[in-house]
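Read-outs throughout are calculated quantities, based only on the coordinates presented, and are distinct from any laboratory measurement. All figures in this text were calculated on a predicted structure; none of them were measured in a lab. Virtual Cβ from ideal backbone geometry, glycine too; neighbours counted across all protein chains shown.
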């Protein structure tokens, strides 16, 4: 029982940390004037930070004309959500 709670906490902290990093990445690129790398943003989004990046981009109105990001981020949001759902369901299945 304690092991499954620990796994729930670890996965939740991972999701929050990656989303916070994604938020800071978009904000730092916005403050620099847009000279950041799209590859780093996509990699962070693929690791689980797509939701925070997409919301931050919409709020700051930053790089909305970048077609790759505007198509890839919503797809990665759905993919991340499904993967996290499977992870949480798998952890819940570990309880006896």
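Of note:
- Qualifying residue in the stretch 59-70 (condition: within 12 Å of the chain's Cα centre (by Cα), touching a residue at least 12 places away in the same chain (Cβ under 8 Å) and either assigned to a helix (DSSP H, G or I) or over 26 Å from residue 5 (Cα atoms) (or both)): no
- Some residue of the stretch 27-45 being part of a helix (DSSP H, G or I), touching a helix residue (DSSP H, G or I) at 6+ places or on another chain (Cβ under 6 Å) and loosely packed, with under 15 Cβ neighbours inside 10 Å: no
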